[in-house]
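Participant: Handing you a structure now.
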Amino acid sequence: MPENCWNTAFYETKHAFVWQYGEDLLTLLSPQPRERILDLGCGTGQLTQKIAAVGAEVMGIDQSLAMIEKATANYPHLQFAVADAKDFQVEQPFDAIFSNAVLHWIPEPDAVIRCLREALKPGGRFVAEFGGKGNINAIATALYSVLETMGYGSLEKISPWYFPSIGEYATRLEQQGFDVTYAVLFDRPTPLEEGKSGMANWIEMFASRFLAALSADQKAIALRVIEQRLKPLLYRDGTWIADYRRIRIVAIKA
Ligand code: BEZ
């Protein structure tokens, strides 16, 4: 199945909520002047810039070249690099690692946590938010069931998404020598832009790999049927509401 193909212009406009909601997570990070901070999965750099604005020395990394090129164009004074969250090394360890809306894309959490541990100073903190257990339950159920009905196998098993419980993720962190000091799982119903097109836009942006094998006509039919199934659950007063559920977690490298 092909990787998700990121449209950076849509990421910054129609789906700006991804980093706008992340602003709240900055309070939990509480970056300090001169701290060295890594923004893991920085996208187009908006939150990296906010961390830098307090006087921290920040570096943003992302696996997508398109995202890093856009981040560099947006904020040429900041440092960005293409890197894989489950396989990266740093020259000098960081005081903190921040990550917003990324870890649910990586179904190899132990490899990520190993890299985090190596990249942090002793006592350094990891502050993250991502999709937790039950995230986009209604959307994923409709997506898998409609595509399966159209003959596309059992998609749940090959889903790229990873939505762990607090218990699972905290345990993985502890197994690799972190102390988990804060963890919360909460529903965050998220209104999507562009009225009745909001759900189709979301699916095309974030679930494009599931649609890659479909012809244009099949894709249009699939989107219409998925919308019909989701409408009673997630469409209110002309706006689609994605059934997001987030984990927020803070862990200290012991
Ligand atoms: C999320 O932010 O929860 C998410 C985004 C895209 C796909 C799946 C989950």
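Participant: When only the heavy atoms of the protein chains count and the probe is 1.4 Å, how do His104, His77 rank by accessible area, highest first?
Facilitator: Working: His104 20, His77 130 Å².
Output order, biggest surface exposure first: His77, His104.
Participant: Within the chain, what is the number of lysine pairs with alpha carbons under 17 Å apart, leaving out pairs fewer than eight places apart on the same chain?
Facilitator: For the chain, qualifying lysine pairs total 7.
Participant: Accessible area per residue, 1.4 Å probe, Å², for the chain: what's the number?
Facilitator: 46
Participant: Quick one: accessible surface of Met205, probe radius 1.4 Å, all protein chains present, in square angstrom to the nearest 10.
Facilitator: Ignoring ligands and nucleic acids, Met205 comes out at about 10 Å².
Participant: Over the chain, with every protein chain in place, what whole percent of the accessible area is carbon and sulfur at 1.4 Å, could you tell me?
Facilitator: That fraction is 51 percent.
Participant: I'm a student and want to see the number: the projected area of the Cα convex hull of the chain, averaged over all directions, in nm².
Facilitator: The Cα convex hull of the chain, projected and averaged over all directions, gives 13.2 nm².
Participant: How large is the Kirkwood hydrodynamic radius of region 180-252, counting all unique pairs of alpha carbons, in Å? Intermediate values should be presented prior to the final figure.
Facilitator: Working: mean 1/r = 0.0715 Å⁻¹.
About 14.0 Å for region 180-252.
Participant: To check you understand DSSP bridge types, tell me what percent of the beta bridges within the chain (both residues inside) are antiparallel, rounded to 5. Let's see the in-between values first.
Facilitator: Values: 23 of 41 bridges.
Looking only at bridges with both residues in the chain, the antiparallel portion is about 55 percent.
The values are calculated or read from the model by the stated rules, or taken from the named source; none is laboratory data. Predicted, not measured: the structure shown is a model, and the values here were computed from it. Accessible surface areas use protein heavy atoms only, side chains included; no ligands, DNA or RNA. Shrake-Rupley method; radii C 1.70, N 1.55, O 1.52, S 1.80 Å.
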